[in-house]
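The next block holds one structure in the form of structure tokens; read it before the comments.
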Amino acid sequence: MCGIVAIIGHEFKVTELIEGLKKLEYRGYDSAGIAALNGNQLIVTKSVGRVDALRTVIEETKVIKSGIAHTRWATHGAPNDTNAHPHTDCTGKIAVVHNGIIENYQELKTELISRGHVFKSETDTEVISHLIEENFKGDLYQAVISTLKILKGAFAIAVIHSDMPNVMIGARKGSPLVVGCNDKYCVLASDVTPIIRYTRDVIFLEDGDVVYIEGNKMRITDFSGNTIVRKHTQITWDESAAEKGGFKHFMLKEIHEVPEAIESALVGRFGQDFEPVMRELDEFNLESVKRILLVACGTSYHAGLVFKYFAEKYLDVDVLIDVASEFRYRPIRITPDTLTIAISQSGETADTLESIRAVKRAGGKVIAISNVVGSTITRESDVTLYMNAGPEIGVAASKTYVNQLILLYLLGLYMVKKRGMWANEHTEISKQLIDLPRLIKKVISNKTIESAADNYKNYHHFMYIGRGINTATALEGALKLKEISYINAVGYPAGELKHGPIALLDPKFPVFAFAPKDSLYEKMRSNIEETRARNARIVTVATEGDEELKKISHDVIYVPSVHEDIYPLIFAPVIQLFAYHIADKRGYDPDKPRNLAKSVTVE
Ligand code: AGP
């Protein structure tokens, strides 16, 4: 997820584009750049780091009539000046900024190189500028729509050409793009935040739309050139609300981004017959792995715990998991058939990093799962599977937890395939992962989650219980509530209650129970009965249509039925929204919880 802003029309200071980028920095902030047209001269300026770094290398007084700008969240190619956008073609006349992922960029790049094009960056985006160059016969619009037809994946782009300083083209498929014009300028951007200082009358472009802008006039067409009329929207939000997309907090926005984040994580991940694709792992001899070490912290550790259950069930391997702060100080035994998986959304967590270094010193190989391209963990691991969740501003992990789970399920399925253990059940799980964004949208719009939160907002203690793979969900649910509402929440395997924790329960200590219709359903039901017998108030998450649990619970939150081993994915937005609403109703800021940091870079 990157941020695009582009302005064309009357003269304006290049700093207008910098201000626009600042508004989009929550979308990505590892490098930035501007391509400015001054007459027929195209000036491209790029810099690694935040937008302020770019401001220091820009001639602030420069006045231009057209410019495109970008703030980046790397997916292909480490954050550096070369990989920063905009990207130009061989002539240096065409400049492109892009948000999204071009799936077929590798084969397009190979073809273009065979035709003599010279590439400067490692990005997927650069193929777009060279393809436009390849298709350019004097008409930029025609060159762009010919190019769009052969791109696979998700994109929002803005394009300029120094031979036509009065023209700008924008297009979208899968990534957001908004346009707004006033009597002087037209502005294109990834969301309304940079536009509302010029006009509050905008058009949210739809997938397959191309916008042709000349001066401050625009025309919208489809990819075949047919004119389309789109409705205008009047924006009433103030700028800070706009950054949150109209949501009250980043955390709530990021929970609502889960379906889109899953789609980004699944891009290019399935081949024939729903079998997973992981080219990054071609060098790994996964067939011979007998022992998996999992290391992570906090929410990432809980994602690892879900993988442990999945891997032990389907891969016939031993899985050892530990929190990194313990793992790094324990003797590490690495055998030739040991694989280590390190999970870290930020890619900078000190304990996880030191654990990776310890494994490397012991001669082990490490697969990292991370969300930040170029982060230290991704550089020190042998290979990284990227989560593609986009930047997460809220300190409490939400969409990144879900994308960690997605990558771990994909890794598990890929190892099943590599080890010749593929069965219909795995095809079914793959199909359900692909269908997940639809089901998660249903869960997120389920109003009973907020009303349940309202019923429990004044308690000071909470116990989360689950069985099997949902023991991890119970631990994660408790962590979410702890870290943003400061309620003393504990998570336990439900079968462990009678060995002590049940002593805690009374009318002031409610229970959050995960009881899906799976092979441990009956066991969970009797555990709920146990807690009920201690007068605890119970909120249960159950599979749609299960009326039985209503009889033994005070509140029931229903979720769609899925394969029993992927319920942690369906339960994730439930625990995140429940904790979010309780924190919000208690008057706390869920985005910046006390005592916590988004990335723990110290021991
Ligand atoms: C989760 O909401 C917390 N932010 C925290 O537990 C986090 O998961 C932990 O610090 C690990 O961070 P990482 O994934 O960036 O390594």
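At-a-glance table
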read-out: Full-stretch length increase - ILE150, GLU283 - with 0.36 nm per residue and alpha-carbon distance subtracted; value: 44.9 nm
read-out: Label point distance in nm, GLU122-PHE204, each placed 7 Å from Cα along Cα→Cβ; value: 3.6 nm
read-out: Where no second cysteine Cβ lies under 4.7 Å, the cysteines concerned in the chain; value: CYS2, CYS90, CYS297
read-out: Mean separation of Cα contacts under 8 Å (6+ apart) over length of the chain, as relative contact order %; value: 11 percent
read-out: Residues whose placed amide H lies under 5 Å from that of LEU177, excluding near-sequence neighbours; value: LEU205
read-out: Per-residue Cβ neighbour rank within 10 angstrom, fewest leading, VAL289, VAL511; value: VAL289, VAL511
read-out: Potential lengthening between TYR486 and GLU522 on full extension [0.36 nm per residue; Cα-Cα distance subtracted]; value: 9.7 nm
read-out: Distance (nanometres) between label positions extended 7 Å along Cα→Cβ at THR110 and VAL602; value: 4.9 nm
read-out: Residues with amide H under 5 Å from that of ASP124, placed H, sequence gap 5 or more; value: HIS76
read-out: Whole-angstrom gap from the range 247-262 to the range 27-87, using each part's C-alpha centre; value: 27 Å
read-out: Shape call, the range 203-270: gyration tensor on alpha carbons, a/c limit 1.5; value: oblate
read-out: Principal axis dimensions, the chain - Cα atoms, whole angstrom, descending; value: 78, 55, 44
read-out: The chain - share of DSSP beta bridges that are antiparallel (%, nearest 5); value: 60 percent
read-out: Likely footprinting exposure, HIS130, HIS85, fewest C-beta neighbours within 10 Å first; value: HIS130, HIS85
read-out: Two-site FRET efficiency, ARG333 against VAL229, from Cβ-Cβ distance with R₀ of 60 Å, rounded to 0.05; value: 0.35
read-out: Residue pairs, from the table LYS184/LYS248; LYS360/LYS399; LYS442/LYS480, whose Cα atoms sit over 26 Å apart; value: LYS184/LYS248; LYS360/LYS399
read-out: Lysines with Cα under 21 Å of LYS109, excluding same-chain neighbours fewer than 8 positions away; value: LYS93, LYS120, LYS137, LYS149, LYS152, LYS173
read-out: Amide H within-cut-off set for PHE247, under 5 Å, with H built and near neighbours excluded; value: none
read-out: Three-way shape label, the range 178-323, alpha-carbon gyration tensor, a/c 1.5; value: prolate
read-out: Radius 10 Å from Cβ of PRO79, net charge of other residues (Lys, Arg +1; Asp, Glu -1); value: -1
read-out: About the Cα centre, charge dipole magnitude for the range 505-592 (Lys/Arg +1, Asp/Glu -1 at Cβ), debye; value: 420 debye
read-out: Cα gyration tensor, the range 505-559 - rounded (a/c under 1.5), prolate or oblate; value: prolate
read-out: Estimated [θ] at 222 nm from DSSP helical runs (n ≥ 4, -39500 (n - 2.57)) normalised by residues in the chain, nearest 500; value: -10000 deg cm²/dmol
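Taken together, the values in this text are just the output of simple stated rules run on the coordinates, not laboratory data. Fair warning: this is a prediction, and the values are worked out from it, not measured in the lab. Cβ coordinates were reconstructed from backbone atoms using ideal geometry, including for glycine residues, and neighbour counts include every protein chain displayed.
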